[in-house]
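Encoded as structure tokens, the structure appears first; notes follow it.
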Amino acid sequence: MLQDRLPRFPDKDLNTICQPLDFYGANIYHGQAVRAAGDGGFELVMSDNPALTTMDWPVTPEALYWGPRFLFERYRLPVVTPENGMANCDWTPLDGMMHDPERIDLLRRYLRELDRAVEDGVDVKGYFLWSIMDNFEWAQGYKQRFGLIYVDFATRKRVLKDSAYWYKGVIASNGDLLTSP
């Protein structure tokens, strides 16, 4: 019924867009555990006390293990995580520094899981943290703060959060800081 109303694409466009993929990318912020149900379907496994980000997303580091692993095993393509991170309740304390230990803890947990996926043979080609700076989020406006750099939206002043310094160290050490508490 809708076929007559859908746009027609020229064959040359279809030939262009049907090329084989070089990698598979998926934004991974959290996951949901499931288990097989008696009826052949599945049921959700609920956590007793989930930690939540300010987006009310559960903190589930294992999602950055199982997500890339599933994609790699299914499609046999390298995997990239274009977005991963958390929204946090950030504000400037009296000392003028930006302390965000929850973000550091979350990133350490998630990146350890991604490292475990690599150790188990998943071909991970990239990981991108969302986001370098606090920004405008489409559905949330300026309410949620995902960045490693705090942005005062009124003055445009920017302050590196503790997580920015920590992540710089993770990059410089090629991940060695992930194993320290």
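The values are calculated or read from the model by the stated rules, or taken from the named source; none is laboratory data. Model, not experiment: these values are computed from the prediction. Here Cβ is always computed from backbone atoms with ideal geometry, including for glycine, and neighbour counts include all displayed protein chains.
Can we say V159 is out of contact with any His (no Cβ under 8 Å at 6 or more places or on another chain), in a strand (DSSP E or B), surrounded by 14 or more Cβ atoms within 10 Å (Cβ to Cβ) and not small (G, A, S)? For V159, the condition - out of contact with any His (no Cβ under 8 Å at 6 or more places or on another chain), in a strand (DSSP E or B), surrounded by 14 or more Cβ atoms within 10 Å (Cβ to Cβ) and not small (G, A, S) - is met.
What about Y150, is it touching a residue at least 24 places away in the same chain (Cβ under 8 Å) and part of a helix (DSSP H, G or I)? If you could, list the steps in order and put the result at the bottom.
On the way: touching a residue at least 24 places away in the same chain (Cβ under 8 Å): yes; part of a helix (DSSP H, G or I): no.
It is false that Y150 is touching a residue at least 24 places away in the same chain (Cβ under 8 Å) and part of a helix (DSSP H, G or I).
Every residue, every condition in (1) assigned to a strand (DSSP E or B); (2) of a type in the set (S, T, Y), yes or no:
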| site | (1), (2) |
| --- | --- |
| D105 | no, no |
| R108 | no, no |
| F128 | yes, no |
| Y165 | no, yes |
| I171 | no, no |
| L177 | no, no |
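Is it the case, given these coordinates, that D176 is modelled with pLDDT of 95 or more and in contact with a helix residue (DSSP H, G or I) (Cβ under 9 Å, 6 or more places away or on another chain)? So D176 does not fit the description; no. Can you pull out every residue in segment 116-151 that is buried (at least 18 other Cβ atoms within 10 Å of the Cβ), among the acidic types (D, E) and within 22 Å of T179 (Cβ to Cβ)? Selection gives nothing. For segment 43-67, which positions are more than 21 Å from D100 (Cα to Cα), exposed (fewer than 11 other Cβ atoms within 10 Å of the Cβ) and not aliphatic (A, V, I, L, M)? Selection gives D48, N49.
Among the residues of segment 110-120, write down those that are part of a helix (DSSP H, G or I) and touching a residue at least 24 places away in the same chain (Cβ under 8 Å). Explain how you work it out, then say what you get.
First, the residues of segment 110-120 that are part of a helix (DSSP H, G or I): 110-119.
Answer for segment 110-120, where residues must be part of a helix (DSSP H, G or I) and touching a residue at least 24 places away in the same chain (Cβ under 8 Å): Y110, L111, R112, E113, L114, D115, R116, A117.
Against the conditions (1) farther than 21 Å from L177 by Cβ; (2) in contact with a helix residue (DSSP H, G or I) (Cβ under 9 Å, 6 or more places away or on another chain); (3) assigned to a strand (DSSP E or B); (4) not charged (D, E, K, R), F72 satisfies every one except (3).
Pairing each residue of segment 70-92 that is under 25 Å from S163 (Cα atoms) with any residue that is at pLDDT 95 or above and surrounded by fewer than 12 Cβ atoms within 10 Å (Cβ to Cβ), provided the two are 6+ apart or on different chains, yields C-beta distances under 8 Å for V80/G126; T81/G126; P82/G126.
Give segment 71-100 a look and list any residue that's exposed (fewer than 15 other Cβ atoms within 10 Å of the Cβ) and modelled with pLDDT of 95 or more, or say none. Passing the criteria: E73, R74, Y75, R76, P82.
Within the bounds of segment 31-42, is there any residue that is at pLDDT below 95, more than 29 Å from A87 (Cβ to Cβ) and part of a strand (DSSP E or B)? Checking segment 31-42: at least one residue is at pLDDT below 95, more than 29 Å from A87 (Cβ to Cβ) and part of a strand (DSSP E or B).
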